[in-house]
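All remarks here apply to the structure that follows.
The values are calculated or read from the model by the stated rules, or taken from the named source; none is laboratory data. Being a predicted model, the structure only gives us computed values, none of them experimental. Because the Cβ atoms are built from the backbone with ideal geometry, glycine has one as well, and the counts that use them run over all protein chains shown. We work out accessible area using only protein heavy atoms, side chains counted, and drop any ligands, DNA or RNA first. Shrake-Rupley method; radii C 1.70, N 1.55, O 1.52, S 1.80 Å.
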Amino acid sequence: MRTVLANTVLAAVGAVLAAVAIAAPAATASPSPAAIGPVIGGAQLSGRGVLVNYPSGSVPRLPKIKASAWVIADAGTGQVLAAKDPHGWFRPASTLKVLTAISLIPALNPNAMVVASKQATTVSPNIVGLLAGHSYKVSDLFTALLTISANDAAMALAQATGSLSQGMTVINAEARHLQADDTVAITPNGLDAPGQHTSAYDLALFARQGLNMPAFLTYDQTTSAQFKISKKKSVGLWNQNSLLATYPGALGGKIGWTSAAGATYVGMARRHGVTLIVTLLHCPALTEINAGKSLLNWGFAVDGKVRPVGTLVGPRQPAAPAPTPSRPAAAGQPADRAQSVGSSPSALAAAGFSGVALLAAGIGFAYSRRQRSAARR
């Protein structure tokens, strides 16, 4: 009975998400700090231009970056070293797959098999080439998701929670949990959809969470692999994030592109015990990784020498659950079931507990913000 009720509630919230997406304009927007109160990460992050606090002494100046928004931050201390329009709303393209991964990894059994649906296999472009009715291992789908940016794998993983709407509920609940309140996910793969947006600041929060997840890093750092499409066909996977092969200390990241979003990027690197995160949105095509390298170089040169412009906030603390009467343990789930029982906020959302309420509050908050003009995307 509880499972039926949970699925009903999750389906309803999924429908609300879809309805809000249809009602929301496709253009990106940004909150007005005066209208919404304190800015997440600090007041200076409300600025829409380049934000940096140079000291009186001599330090390298920021490189010129052709991107509408970006953030360079220290993952360890949480200090945002510099930024441009960090809370501006933009289309994420495939960088949204970082959120999809960190949301669904705790919720799904990596050894489970997922049957690909027609909806998953007909997404365009599908990238890896899943076949409807065929079964695929969850861990292999995550590898395809983060190496070759497989859009069909993203859809299959979201549906593995029980349905696409439940998967999107889990993903949006994780965004709210991380205080990534500039983000609304409509698709699990980042393909453009009305009402879908994120910010350079939120992408940095997602990357920071990923750095704390060994499974995420294993998938994200895979340079090449074989993916079995069927008994008679396999395809090669290669990591599109060339930072891994060309930048000393690179830890991972994700590239993205659509014609509307432009190039988007998340990159992570560690040198001399310092781990930096760089995020970029709305860049010219094929410039995002070199721009990321330039910001990483600057960040490593000035870390500890410039006063931060803000901080990467930590996750929201979930409310303490109400006590429940003790009862006998339920029978164990089959080993090949995709959903796994966990205590993360994402997993709780998938089970229909407190994540649903948190998501509903987040949706109301996100869409109460004042919209930017259509030219700012």
Counting only residues that are surrounded by 24 or more Cβ atoms within 10 Å (Cβ to Cβ), among the hydroxyl-bearing types (Ser, Thr, Tyr) and part of a loop (DSSP other than H, G, I, E, B), the stretch 147-163 contains a total of 2
Please pick out the residue among Ala204, Ala154 that is at pLDDT 95 or above, over 24 Å from Gln317 (Cβ atoms) and within 14 Å of the chain's Cα centre (by Cα). Ala154
Being among the aliphatic types (A, V, I, L, M), open to solvent by less than 10 Å² (accessible area, probe 1.4 Å) and at positive phi, is that true of even one residue in the stretch 91-109? yes
Answer from Gln240, Gln179, Gln226, Gln166 - the residue that is farther than 21 Å from Thr287 by Cβ, open to solvent by 10 Å² or more (accessible area, probe 1.4 Å) and part of a loop (DSSP other than H, G, I, E, B): Gln179
Going by what's in this entry, would Gly195 be described as of a type outside the set (Val, Ile, Thr), in a loop (DSSP other than H, G, I, E, B), modelled with pLDDT of 95 or more and within 26 Å of Ala83 (Cβ to Cβ)? yes
Quick check on my filter: what residues within the stretch 266-320 are part of a strand (DSSP E or B), farther than 16 Å from Asp202 by Cβ and not hydroxyl-bearing (Ser, Thr, Tyr)? Ala269, Arg270, Arg271, Val274, Leu276, Cys283
Quick check: anything in the stretch 131-141 part of a loop (DSSP other than H, G, I, E, B), among the small types (Gly, Ala, Ser) and either modelled with pLDDT of 95 or more or more than 24 Å from Tyr265 (Cα to Cα) (or both)? yes
Among the listed residues Leu146, Leu130, identify the single one that is hydrophobic (A, V, I, L, M, F, W, C) and within 30 Å of Gly310 (Cα to Cα). Leu146
Might you check whether a residue that is open to solvent by 10 Å² or more (accessible area, probe 1.4 Å) and aromatic (Phe, Trp, Tyr) occurs anywhere in the stretch 204-216? no
For Tyr201, state whether it is aromatic (Phe, Trp, Tyr), open to solvent by less than 20 Å² (accessible area, probe 1.4 Å) and over 24 Å from Trp89 (Cβ atoms). no
Taking the stretch 222-245, which residues are over 30 Å from Ser294 (Cβ atoms) and polar (S, T, N, Q)? Gln226, Ser230, Ser234
Residue satisfying condition, being modelled with pLDDT of 95 or more, open to solvent by less than 20 Å² (accessible area, probe 1.4 Å), over 20 Å from Gly88 (Cβ atoms) and of a type outside the set (S, T, N, Q), within set Gly314, Gly256, Gly292, Gly252: Gly252
Please determine, by comparing only the residues of the stretch 49-79 that are among the hydrophobic types (A, V, I, L, M, F, W, C) and assigned to a strand (DSSP E or B), which one is nearest to Gly210 (Cα to Cα). Ala73
Residue in the stretch 110-137 that is surrounded by the most Cβ atoms within 10 Å (Cβ to Cβ), counting only those that are under 23 Å from Leu244 (Cβ atoms) and touching a residue at least 40 places away in the same chain (Cβ under 8 Å): Val128
Which condition does Ala75 not pass, out of (1) within 18 Å of the chain's Cα centre (by Cα); (2) buried (at least 24 other Cβ atoms within 10 Å of the Cβ); (3) under 20 Å from Thr198 (Cβ atoms), if it passes all the others? (2)
Given the criterion in contact with a strand residue (DSSP E or B) (Cβ under 6 Å, 6 or more places away or on another chain), farther than 17 Å from Leu280 by Cα and either among the hydroxyl-bearing types (Ser, Thr, Tyr) or part of a helix (DSSP H, G or I) (or both), identify the matching residue among Ala204, Ala144. Ala144
Index of the failed condition, Ala82 passing every other in (1) in contact (Cβ under 8 Å) with a residue 60 or more places away in the chain; (2) not in a strand (DSSP E or B): (2)
Residues that are open to solvent by 40 Å² or more (accessible area, probe 1.4 Å), assigned to a loop (DSSP other than H, G, I, E, B) and modelled with pLDDT of 95 or more, drawn from the stretch 20-48: Arg48
Sole miss for Gly167 among (1) in contact with a helix residue (DSSP H, G or I) (Cβ under 6 Å, 6 or more places away or on another chain); (2) of a type in the set (Gly, Ala, Ser); (3) closer than 26 Å to Ala245 by Cβ is condition (3)
